[in-house]
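Down below is the structure, laid out as structure tokens.
The values are calculated or read from the model by the stated rules, or taken from the named source; none is laboratory data. Values in this document were obtained by computation on a predicted structure and should not be read as measured data. As a convention, Cβ positions derive from the backbone with ideal geometry for all residues, glycine included, and neighbour counts pool all protein chains shown.
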Amino acid sequence: MAMHLRIVCPESEPYNGDVAFVTVPSTDGSFGVAPRHASEICTIESGIVSICEERMGQTTRSFAVGTGYVQVSDDKVIILTDRAEDISELKASAVEARLKGFEEKLGYLSEDDARRSYLYNEISWCKLLLQEVKAA
């Protein structure tokens, strides 16, 4: 028995397909969803969505996701997030370059510049991506 998973961002839908199992990084801790899971809606935090397309225990795809929401209902899982990136499509060197660029920009800003918050978020995102790319 399969369930349907969609990962939806404001400008794209990085994943749309049937899965056997998925783990989601909720704000209360990571949790797994299998077919016939109880209905729920909860908030998610930046982290990794692990997808088992064929069977539980065999992760076939991983996505880094930002903050957002997940809805589980009737063997459908919908993750609404501000951003998502397929880990398999990332290269460590490209993520390291992005990270370096954000860190350099941060160095040019004064301590009270409002743009620092944005750069801290981007640096944190790059570090999450880099950790996962190196682990893969």
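Structure above, values below:
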quantity	calculated
Residue satisfying all of: in the stretch 40-58; in a strand (DSSP E or B) and hydroxyl-bearing (Ser, Thr, Tyr); nearest to residue 78 (Cα to Cα) among these	43
Close pairs from the stretch 48-66: first among the acidic types (Asp, Glu), partner outside any loop (DSSP other than H, G, I, E, B), Cβ under 8 Å, at least 6 apart	53/17; 53/18; 53/19; 53/61
Residue within the stretch 34-56 that is assigned by TED's automatic domain parsing to the domain that holds residue 15, at pLDDT below 95 and basic (Lys, Arg) present	yes
All positions within the stretch 89-136 that are among the small types (Gly, Ala, Ser) and in contact (Cβ under 8 Å) with a residue 60 or more places away in the chain	124, 136
Residue match in the stretch 107-114 (condition: at negative phi, assigned to a loop (DSSP other than H, G, I, E, B), surrounded by 15 or more Cβ atoms within 10 Å (Cβ to Cβ) and among the polar types (S, T, N, Q))	no
Candidate set from the stretch 13-36 (those that are assigned to a loop (DSSP other than H, G, I, E, B) and without any contact (Cβ under 8 Å) to a residue 40 or more places away in the chain); member that is nearest to residue 75 (Cα to Cα)	36
Selection within the stretch 75-92 - within 12 Å of the chain's Cα centre (by Cα) and of a type outside the set (Lys, Arg)	79, 80, 81, 82, 84, 85, 86, 87
Residue tally, condition more than 11 Å from the chain's Cα centre (by Cα) and buried (at least 16 other Cβ atoms within 10 Å of the Cβ), over the stretch 60-74	3
Yes/no for residue 88 being surrounded by fewer than 17 Cβ atoms within 10 Å (Cβ to Cβ), assigned to a helix (DSSP H, G or I) and touching a strand residue (DSSP E or B) at 6+ places or on another chain (Cβ under 9 Å)	yes
Filter pass, residue 60 being under 29 Å from residue 39 (Cα atoms), out of contact with any Asp or Glu (no Cβ under 9 Å at 6 or more places or on another chain) and of a type in the set (Ser, Thr, Tyr)	no
